[in-house]
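Presented below is the structure to which this report refers.
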Amino acid sequence: MIPRYSRPDMVALWTPEARFRIWFEIEAHATDALADLGVVPKEAAAALWRWWATNPVIDVAAIDAIEAVTKHDVIAFLTWVAEQVGDEARFMHQGMTSSDVLDTCLAVQLARAADLLIADLDALLVVLKRRALEHKLTPTIGRSHGIHAEPVTFGLKLAQAYAEFDRNRARLVAARADIATCAISGAVGTFANIDPAVEAHVAAKLRLTVEPVSTQVIPRDRHAMFFATLGVIASSIERLATEIRHLQRTEVLEAEEYFAPGQKGSSAMPHKRNPVLTENLTGLARMVRGYVTPALENVALWHERDISHSSVERYIGPDATITLDFALARMTGVMDKLLVYPERMAKNLNKMGGLVHSQRVLLALTQAGVSREDSYRLVQRNAMKVWESDGELSLLDLLIADPDVTAALPAPEIEAKFDLGYHLKHVDTIFARVFGD
């Protein structure tokens, strides 16, 4: 976790104190359930909650000092709590194993992290929808392979981004449900020394579902899917960031990141306005995706349990969620303040002498009785002259001057194929599909 790319609410989920507080809740709720079953005295559970009601400060340093001796983090925590609570604390952890605490805690943390990320996505979706509606009919050139293709609108570009992030939201909601499971099943997951009712009670209190079969750990395919979903969201961030970076290039300059008063673009060149935020987002996306492979490799554990996954998750749990949280917030800010230049979009759209209308002429020729092969040849031979003139020549003028073309299509019909509005006639339909009526 790098403070430069962190926001406080997400960071707070992953502090040692936050983790120990969740551990205590798991242990105390389990002790409640054990008391209800008559396995431990009710006073044992009551004593735990009485101490908790004093709002104790979790002494992380003291717990770490105990762990330095025990070499076991859960035992160190239980020892420290017992020192605070007294004799009744001996009934904690009855029939439980460390994974019951660790895995259930991680489920709580990831579920809460997902809630923050879903809120981040909601904020981004609001901005994308607003900007898409703002530029619904702002014409711009669509590109394939980076080359001018046919007209679109800038609003359509943003509507596409909205639809993609809306899908990502649905994926994250599903991944949250998948990860939010509780395992209080004891050694090797057989419930030999603890009743399944305890697991159900803890799960309800922590707003989790019970893990149907947990061996001694919650199966890591759940975690793999969760982190893979974060990786997909990161890739969507990079896709949008890359679009902005291209549009900000000097040769294009159809949109650019907001440049604040007093901001500097280069230590050497005072004229520079660089797409630093979207470049940063590209890098952050790579980092989030980098955590996906270790999560996939964690799925294959030995038998009922090993801890090869543990060190991995201590890294990727905080780092992936903190980084993605920051990236989503940064992307929302970029899109909220994005500077859009419709005049430059129009200039670029018209740069290549009307080449963007070539397909309409091709189709009209075929409908007029010319073979597709000949239609393509007739249009292309004129289009290449425009291309080689860097747009100085006009495709419309060349087609009207070509007797082989006008033999099939009169000049007024050719001219009609250069209507920009033709390309935008279904924008409303697409917007209705994305945003609803």
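Could you tell me which residue of region 274-286 is most open to solvent (accessible area, probe 1.4 Å), considering only residues that are in contact (Cβ under 8 Å) with a residue 40 or more places away in the chain and hydrophobic (A, V, I, L, M, F, W, C)? Spell out the reasoning first.
The first filter runs over region 274-286 and keeps only residues in contact (Cβ under 8 Å) with a residue 40 or more places away in the chain, leaving 277-278, 280-282, 284-286.
With hydrophobic (A, V, I, L, M, F, W, C) added as a condition, the list becomes 277, 281, 284-285.
Values: L277: 55, L281: 0, L284: 11, A285: 3 Å².
So, considering only residues that are in contact (Cβ under 8 Å) with a residue 40 or more places away in the chain and hydrophobic (A, V, I, L, M, F, W, C), the one most open to solvent (accessible area, probe 1.4 Å) is L277.
Can you say whether E134 is over 21 Å from E313 (Cβ atoms), over 30 Å from the mean Cα position of the chain (by Cα), among the acidic types (D, E) and surrounded by fewer than 19 Cβ atoms within 10 Å (Cβ to Cβ), as far as the supplied structure shows?
Numbers: over 21 Å from E313 (Cβ atoms): yes; over 30 Å from the mean Cα position of the chain (by Cα): no; among the acidic types (D, E): yes; surrounded by fewer than 19 Cβ atoms within 10 Å (Cβ to Cβ): yes.
It is false that E134 is over 21 Å from E313 (Cβ atoms), over 30 Å from the mean Cα position of the chain (by Cα), among the acidic types (D, E) and surrounded by fewer than 19 Cβ atoms within 10 Å (Cβ to Cβ).
In a loop (DSSP other than H, G, I, E, B), open to solvent by 40 Å² or more (accessible area, probe 1.4 Å) and modelled with pLDDT of 95 or more - does that describe any residue in region 197-207? Explain how you work it out, then say what you get.
Taking region 197-207 first, the residues in a loop (DSSP other than H, G, I, E, B) are 206-207.
Among the residues that remain, those that are also open to solvent by 40 Å² or more (accessible area, probe 1.4 Å) are: 207.
Within this subset, residues satisfying the condition of being modelled with pLDDT of 95 or more are 207.
There is at least one residue in region 197-207 that is in a loop (DSSP other than H, G, I, E, B), open to solvent by 40 Å² or more (accessible area, probe 1.4 Å) and modelled with pLDDT of 95 or more.
Within region 242-249, does at least one residue satisfy the condition of being open to solvent by less than 10 Å² (accessible area, probe 1.4 Å), hydrophobic (A, V, I, L, M, F, W, C) and part of a helix (DSSP H, G or I)?
Residues of region 242-249 open to solvent by less than 10 Å² (accessible area, probe 1.4 Å): 244, 247.
Then drop every residue that is not hydrophobic (A, V, I, L, M, F, W, C), which leaves 244, 247.
In the following step, the residues that additionally are part of a helix (DSSP H, G or I) were identified as 244, 247.
Yes, region 242-249 has at least one match.
Exactly one of (1) closer than 19 Å to T321 by Cα; (2) open to solvent by 20 Å² or more (accessible area, probe 1.4 Å) is unmet by R220. Its number?
All conditions are met except number (2).
Right, G391: modelled with pLDDT under 95, small (G, A, S) and within 30 Å of L117 (Cβ to Cβ) or not? It would help to see each step written out before you state the result.
Values: modelled with pLDDT under 95: yes; small (G, A, S): yes; within 30 Å of L117 (Cβ to Cβ): no.
It is false that G391 is modelled with pLDDT under 95, small (G, A, S) and within 30 Å of L117 (Cβ to Cβ).
Residues in region 78-90: is at least one in contact with a Cys (Cβ under 8 Å, 6 or more places away or on another chain) and either modelled with pLDDT of 95 or more or under 30 Å from A327 (Cα atoms) (or both)? Working first, answer last.
Applying the first criterion (in contact with a Cys (Cβ under 8 Å, 6 or more places away or on another chain)) to region 78-90 yields none.
Looking through region 78-90, none of the residues is in contact with a Cys (Cβ under 8 Å, 6 or more places away or on another chain) and either modelled with pLDDT of 95 or more or under 30 Å from A327 (Cα atoms) (or both).
Among the helices (runs of 4 or more DSSP H) contained in region 390-435, which hold 2 or more residues that are within 22 Å of A368 (Cβ to Cβ)?
Values: elements: 395-400, 403-406, 411-416, 427-435.
Ranges flagged: 395-400, 403-406, 411-416.
Restricted to region 223-241, and to residues that are in contact (Cβ under 8 Å) with a residue 60 or more places away in the chain and more than 30 Å from A255 (Cα to Cα), which residue is surrounded by the most Cβ atoms within 10 Å (Cβ to Cβ)?
So the residue we want is F226.
Quickly run through region 95-106 and pick out the residues that are touching a helix residue (DSSP H, G or I) at 6+ places or on another chain (Cβ under 6 Å) and in a helix (DSSP H, G or I). Give the steps one after another, and end with the answer.
The first filter runs over region 95-106 and keeps only residues touching a helix residue (DSSP H, G or I) at 6+ places or on another chain (Cβ under 6 Å), leaving 97-98, 101, 104-105.
Passing the criteria: S98, V101, T104, C105.
Just to be sure I understand, how many residues within region 49-78 are within 19 Å of G186 (Cα to Cα) and either open to solvent by 40 Å² or more (accessible area, probe 1.4 Å) or of a type in the set (A, V, I, L, M, F, W, C) (or both)? Explain how you work it out, then say what you get.
So the first thing to find is which residues in region 49-78 are within 19 Å of G186 (Cα to Cα), and the list is 72-78.
So of that shortlist, the ones also either open to solvent by 40 Å² or more (accessible area, probe 1.4 Å) or of a type in the set (A, V, I, L, M, F, W, C) (or both) come out as 72, 74-78.
Total satisfying the criteria: 6.
Residues in region 1-48 that are of a type in the set (V, I, T), open to solvent by 60 Å² or more (accessible area, probe 1.4 Å) and within 26 Å of the chain's Cα centre (by Cα): how many? Write out each step before concluding.
Filtering region 1-48 down to residues of a type in the set (V, I, T) leaves 2, 11, 15, 22, 26, 31, 39-40.
In the following step, the residues that additionally are open to solvent by 60 Å² or more (accessible area, probe 1.4 Å) were identified as 2, 39.
Then keep just the ones that are within 26 Å of the chain's Cα centre (by Cα); that gives 2.
Counting residues in region 1-48 that are of a type in the set (V, I, T), open to solvent by 60 Å² or more (accessible area, probe 1.4 Å) and within 26 Å of the chain's Cα centre (by Cα) gives 1.
Within the bounds of region 109-116, is there any residue that is without any contact (Cβ under 8 Å) to a residue 24 or more places away in the chain and either surrounded by fewer than 19 Cβ atoms within 10 Å (Cβ to Cβ) or acidic (D, E) (or both)? Outline the logic, then answer.
Going through region 109-116, the residues without any contact (Cβ under 8 Å) to a residue 24 or more places away in the chain turn out to be none.
There is no residue in region 109-116 that is without any contact (Cβ under 8 Å) to a residue 24 or more places away in the chain and either surrounded by fewer than 19 Cβ atoms within 10 Å (Cβ to Cβ) or acidic (D, E) (or both).
Considering I184, I179, which residue is in contact with a His (Cβ under 9 Å, 6 or more places away or on another chain), touching a residue at least 12 places away in the same chain (Cβ under 8 Å) and closer than 25 Å to D9 by Cβ?
Numbers: I184 fails: closer than 25 Å to D9 by Cβ.
Just one listed residue meets the conditions, I179.
Restricting attention to region 381-421, report how many residues are in contact (Cβ under 8 Å) with a residue 24 or more places away in the chain and surrounded by 13 or more Cβ atoms within 10 Å (Cβ to Cβ).
So the answer is 20.
Here is a yes/no grid of residues against (1) assigned to a helix (DSSP H, G or I); (2) within 30 Å of H246 (Cα to Cα):
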{"site": "R90", "(1), (2)": "yes, no"}
{"site": "H93", "(1), (2)": "no, no"}
{"site": "Q109", "(1), (2)": "yes, no"}
{"site": "A123", "(1), (2)": "yes, yes"}
{"site": "V127", "(1), (2)": "yes, yes"}
{"site": "R131", "(1), (2)": "yes, yes"}
{"site": "H148", "(1), (2)": "no, yes"}
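Taking region 250-273, which residues are part of a loop (DSSP other than H, G, I, E, B), open to solvent by less than 40 Å² (accessible area, probe 1.4 Å) and modelled with pLDDT of 95 or more? Don't jump to the end; show me each part of the working.
Taking region 250-273 and keeping what is part of a loop (DSSP other than H, G, I, E, B), we get 250-254, 257-273.
After this cut, where a residue has to be open to solvent by less than 40 Å² (accessible area, probe 1.4 Å) as well, the list is 252, 254, 257, 260, 265-266.
Selection gives V252, E254, E257.
The values are calculated or read from the model by the stated rules, or taken from the named source; none is laboratory data. Here the structure is a predicted model, which means the values were calculated and not measured. FYI the Cβ positions are ideal-geometry reconstructions off the backbone, even for glycines, and counts take in every protein chain you see. Remember, those area values only see protein heavy atoms, side chains included, never the ligands or the DNA or RNA. Shrake-Rupley method; radii C 1.70, N 1.55, O 1.52, S 1.80 Å.
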